[in-house]
Amino acid sequence: MSALLENSALLWKYLLFWPPLLDGDLVIGGIFSFRTGFKQPDILLYTLFYYPSLNSREFKFAQTMIFAINEINNNPGMLPDVKLGYKIYDNCGTIDILRAALALVSGLKGEVSDGNCTKAETVHAILGHSGSRPTIAFQQVVGRFHIPVISHFATCACLSNRREYPTFFRTIPSDYYQSRALAKMVRQFGWTWIGAVAVDNEYGRNGVAAFVQNAQEFGVCIEYSEAFSSSGPPDNLQRIIEIIKHSTSKVILAFMSHREIKLLAAELYRHNVKGLQWVGSDAWITDHSLTDSEGHSILVGSLGFVVSRAHIQGQFVREYWEDVFNCTLNETGKSQRKPCSGSESLQNTDLEFTDVSELRFTNNVYKSVYAVAHALDSLIKCDVNGKGPFSNWSCADVQHIKPWQVLQYLSTVNFTTEEGERVYFDSNGDSPAKYELVNLQMNNKGAIDGVTVGIYDASLPERHQFIMNNIPVVWGNGLNEVPASVCSESCLPGARKVLQKGRPVCCYDCIPCPAGEISNLTDSIHCLKCPPEYWSNNKRDACIPKVIEFLAYDELLGTLLALFSLMGVFLTMITTIIFYCHKETPLVRANNSELSFLLLFSLTLCFLCSLTFIGRPSEWSCMLRHTAFGITFVLCISCVLGKTIVVLMAFRATLPGSNVMKWFGTTQQRLSVLTFTLIQVLICTLWLTINPPFPFKNMSHYKEKIILECALGSAVGFWAVLGYIGLLAVLCFVLAFLARKLPDNFNEAKFITFSMLIFCAVWITFIPAYVSSPGKFTVAVEIFAILASSYGLLICIFLQKCLIILFRPEQNTKKHMMGKKI
C-alpha cells in the first residue's frame with residue numbers, strides 16, 4: 001500500500017471521530033465543506049465503504065476554528081469565566097449548506113425529555129462559508145435574525161451591500177479590491193488586450209464586472225467575457241475553448257474556483273492550446289489540488305493576488321500527529337504507544353494537510369474567531385455607568401447575550417494579532433485590502449508552488465500600492481520576458497491614436513502628427529501644436545526653434561548682390577576718377593561737370609545703400625535702408641533732372657537773342673537739386689517720426705520658418721517715398737523725351753531718355769514683384785531694382801563719355817563739340 005493511501009487512511013480515521021461540537025457559555029457556529037463528493041480508492045479502507053473526496057484546505061479551516069477557540073478558552077485575559085463553544089457543520093452543496101445555517105439559527109441541540117421538546121441554543125455568530133455563492137444564499141436568511149456571519153473566503157463584492165447583507169463581515173478583502181489590484185497589475189505589465197472567463201455565478205459575474213470597470217479606468221480592454229459552470233452543459237465549455245483558440249489576446253483573466261479552472265485547463269491541454277498568460281483570482285491561484293489536474297502545466301506562470309501568508313503558532317492536530325508517527329504526546333498518561341521523541345517531522349509526510357508553511361486563508365479563519373471573541377469580550381466588559389451602546393446607554397445582560405448585540409460590538413472591533421496584523425471592519429463589513437502577488441512555478445518534484453513576487457496594499461498612496469520584489473517571474477509563454485497582449489502596437493512619439501471604427505478603444509491606428517504638431521508621449525491621443533516660434537522636427541516628437549530666414553551675406557544670393565553692389569561702387573569711383581582727371585576737357589565741361597560729379601556721388605550712395613538691405617534686420621538698419629534709399633535716389637534723379645533741364649536750356653541759348661541760361665545757371669541748378677532732395681528728406685522725417693520701420697518676425701507666410709524682415713511701419717510713408725521718386729523720374733523722362741530731337745551735338749538728352757526709360761521700367765516691374773515675392777526674396781527684389789536702375793543710369797549717361805575720353809581723344813575737342821554751324 002502506498003504511503004499516500006496510508007496517510008489518507010490515518011487522516012480519515014481521525015476525521016471519523018473528530019469533535020464537531022463543544023458545549024460552552026457562548027457558542028460560535030461554523031460551516032465548512034471538506035467532504036466534497038465520493039471517491040473510490042485503490043483499496044477498500046473500510047468494509048462496504050467508499051470514502052468521500054477530501055478537501056484538506058476546508059478541513060484545515062475547521063481545525064483552525066477549533067484551535068483558536070481552545071486557545072481563547074485557555075487565555076485568562078480574554079473572556080474570563082466564560083467558555084466558548086462551537087458547532088461545526090460539514091456540508092457541501094448550496095441546499096445542504098443552507099440547512100446547516102438554519103440549524104445553527106434554530107439552535108436545535110437535542111431532546112431534554114421523553115416528549116418531543118427540544119432545547120434551543122442559537123449560536124452568537126457563524127463562521128463561513130468559503131464560497132461566495134452559498135454564503136449569499138444563507139446570509140439572506142440568517143441576516144433576518146440579526147446573527148453576524150463572518151467569512152474567511154467569500155470575496156464577492158456584492159456582499160458589501162449593507163442593505164441586502166446587513167450582518168455580513170469578512171476577514172478577506174472584497175473582490176472589488178482584488179479586481180482593482182488585478183486591473184492595476186495587468187496595466188503594469190502592459191497588457192491592454194485580454195480575455196475574461198468566469199464561473200457562472202455571483203462570484204464570477206460580479207468579479208469580472210468589477211474588473212472590467214477598473215480595467216477601463218486603466219485603459220485595458222476586454223476582447224471577450226465568457227462564463228461557464230462545472231455543472232453546466234459541455235457545449236458551453238467547448239464554445240469558450242473555440243473563442244480562446246481564435247482570439248488575439250494572449251492574457252486571460254480566470255475569475256472562478258479551482259473546479260472550473262481545472263476543467264478549463266484540462267480542455268485547453270487536450271486542444272494543445274499553450275503559451276497563454278493566466279491571471280487568476282484568489283479562489284484558485286494557490287489551490288494545491290491544481291497539481292493533480294490534467295494539463296496543470298498550462299497554468300505554470302499564472303499570476304494572481306492572495307491574502308498575505310501568516311503563521312499560527314502551535315496549530316496542529318494532536319491526534320493526527322500521534323496516529324501518523326505511532327507515538328504519544330502525553331508522557332504522564334497510560335498509553336500502549338511509545339512517547340514521541342520530538343524528532344518527528346510532518347515535512348516528510350508529503351501531505352497538503354500537514355503543510356503549515358503558507359497559512360493564507362487559514363489565518364483568516366483564525367482572525368474571524370478572534371474578532372468574535374474580542375466583540376464578546378468588549379460586550380461583557382461593558383461599562384455600566386451610563387456608557388453602554390444600547391438604549392439609555394445601557395449594557396447587555398451577560399447572562400442572556402443576543403446575537404444582535406454581538407453584531408453591534410463586532411462592527412467596532414479593532415485589535416492587532418500576535419503577528420502584528422491589524423484587524424478591523426469598515427462600514428461595509430470589509431477588511432483592509434492587502435495582497436501578495438503570487439506566481440505559479442514548477443518545483444523540482446513536478447508540483448506547482450505559489451511564489452510571492454510582489455505585494456499590493458490598498459491603504460498606501462496610489463503610486464506605491466503595487467510593488468514588485470526582485471524574485472524572477474515565470475511567464476506563461478515560457479520566455480524570460482513579459483509577454484505582449486495588445487490589440488494594436490503602441491503609437492510611438494510623433495504619432496497619435498485614431499480609434500478603429502466599431503472596435504474597443506485599445507484597437508487603433510497610428511497616424512503621424514501633421515507638420516507643426518508633435519506628440520512626445522507613447523500612445524498619445526492628441527498632437528500638440530508647437531508654440532508660434534517653434535516647429536516640429538522630422539520625427540514629430542519635439543518642437544524645435546523655427547529657422548529664422550533673412551537675406552544674409554554668407555548665402556549665395558546675398559553674396560552675389562553684395563558683389564554687384566560693390567562692383568557698382570567700384571565702377572562709379574573709376575568713372576569719377578576719369579572725369580576728375582579730364583575735368584578740363586571740353587567733353588567734361590560741356591556736360592556740366594558739377595552735376596556730373598554730384599550724380600556720380602549719388603550713384604555711389606545708391607550702390608552702397610543696397611548693402612543696408614542685406615544682413616539681419618535691426619531697428620537702426622530698418623530705418624536706415626528705406627530712408628537712405630529714398631534720399632539717395634531723389635538726389636540722383638534730381639541731378640539727372642538738372643542735367644536734362646541744362647540740355648534744354650543750352651539748346652535754347654544757341655538761338656539768336658536768347659538769354660535763357662541766366663535763368664538756369666549754376667546757382668539755380670544747385671538750388672533745384674537741393675529743393676527736390678529736401679522734400680524727400682521731409683517725407684522721410686515724417687515717416688520716421690510718426691511710424692518708422694521696425695524689425696518684424698513674419699510667421700504667417702511660411703509655417704515652418706520665420707521671415708525676419710523690416711515692417712514698413714507706415715505704408716503711406718513708404719509709398720510716398722516711392723511715389724515721389726517716381727514723380728521725379730517721370731518728369732525727367734518727359735523732359736528728356738522732348739529733347740530727343742536736338743542735334744547730335746546735344747545728344748545728352750537721348751542717353752538721359754534711355755536711362756530714365758530703364759529706370760521707370762525697372763521700378764514699374766518692381767511693384768508686382770515686390771508684393772508677390774516671398775520672404776527674403778522680397779528684399780532681393782528691392783536690391784535688384786536699386787542696382788538695376790543705378791547701373792542703368794551709370795552706363796547710359798557715363799559709359800560713352802568714358803570711352804571717348806579714354807579711347808577717342810580726337811573727339812574730345814572744342815571743335816568737335818561745336819559741330820557744324822547751324
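The values are calculated or read from the model by the stated rules, or taken from the named source; none is laboratory data. Please read all numbers here as calculations on a predicted model, not as lab measurements. Note: ideal-geometry Cβ built from the backbone for every residue, glycine included; neighbour counts use all protein chains shown. Only protein heavy atoms, including side chains, enter the accessible area calculation; ligands, DNA and RNA are left aside. Shrake-Rupley method; radii C 1.70, N 1.55, O 1.52, S 1.80 Å.
Database remark: amide H of Val451 closer than 5 angstrom to the amide H of Asn439, Leu440, Gln441 (H placed geometrically; neighbours at sequence offset of 5 or more, or on other chains; Pro and chain starts carry no H).
Here each label is just a point 7 Å from Cα along the line to Cβ, and for Phe694 and Ser341 those points are 10.3 nm apart. Within 10 Å of each candidate Cβ there may be at most 11 other Cβ atoms; applying that plus a DSSP loop requirement, which trypsin sites (Lys or Arg not before Pro) in the stretch 140-225 survive? Passing both the DSSP loop test and the Cβ count: Arg163. What separates the Cα centres of the stretch 759-798 and the stretch 53-80 is a distance of 106 Å. The protection proxy used here, the mean number of other Cβ atoms lying within 10 Å of each residue, ranks peptides 408-420, 779-791 as follows, highest first: 779-791, 408-420.
The phi torsions of the stretch 789-803, fed into the Karplus equation with coefficients 6.51, -1.76 and 1.60 and a -60° offset, translate into couplings of 5, 5, 4, x, 5, 5, 6, 5, 8, 10, 5, 4, 5, 5, 5 Hz, rounded to whole numbers, with Gly and Pro shown as x. Over all other residues within a Cβ to Cβ distance under 12 Å of Pro148, the charged ones net out to +2, with Lys and Arg as +1 and Asp and Glu as -1. Each of the peptides 389-396, 612-619, 631-638, 715-722 was scored by the mean count of other Cβ atoms within 10 Å over its residues; in descending order, highest first, they stand as 631-638, 612-619, 715-722, 389-396. Expressed as a whole number of Å, what is the distance separating the alpha-carbon centroids of the stretch 200-229 and the stretch 179-197? The stretch 179-197 and the stretch 200-229 have Cα centres spaced 10 Å from each other. Taking the dipole about the Cα centre of the stretch 495-545, with the C-beta of Lys and Arg at +1 and of Asp and Glu at -1, give me whichever of Ile518, Leu499, Leu528 is farthest to the positive side. Of the listed residues, the answer is Leu499. Put the Cα centre of the stretch 468-511 next to the Cα centre of the stretch 375-450 and the gap is 42 Å. The simple spin-label model puts a point 7 Å past each Cα toward its Cβ; for Tyr580 and Met442 those points are separated by 10.4 nm. Calculate what fraction, in whole %, of the accessible area of the stretch 495-545 sits on carbon and sulfur atoms when a 1.4 Å probe is rolled over the protein chains. That share works out to 57 percent. Count Lys and Arg as plus one, Asp and Glu as minus one, and take only other residues whose Cβ is under 10 Å from that of Pro80; the net charge is then -1. Here the gap between Glu704 and Ala542, fully extended at 0.36 nm per residue and compared with their Cα-Cα distance, gives a gain of 57.0 nm.
Summing Cβ point charges (Lys, Arg +1; Asp, Glu -1) relative to the Cα centre of the stretch 511-568 gives a dipole of roughly 100 debye.
For Phe34, the residues whose amide H sits under 5 Å from its own are Asn91, ignoring neighbours fewer than 5 places away on the same chain, with H placed 1.01 Å from N.
In nm, give the distance between the simple-model label positions of Phe218 and Asp81, each being 7 Å from the Cα along the Cα-to-Cβ direction. With each label point 7 Å from Cα toward Cβ, the separation is 5.4 nm. Ranked by the mean number of other Cβ atoms within 10 Å of their residues, highest first, the peptides 211-219, 434-442 fall in the order 434-442, 211-219. Take the cross-link list Lys497/Lys539; Lys60/Lys381; Lys184/Lys434; Lys643/Lys801; Lys250/Lys529; Lys501/Lys546 and give me the ones stretching past 25 Å between alpha-carbons. As for pairs spanning more than 25 Å Cα to Cα, those are Lys60/Lys381; Lys250/Lys529; Lys501/Lys546.
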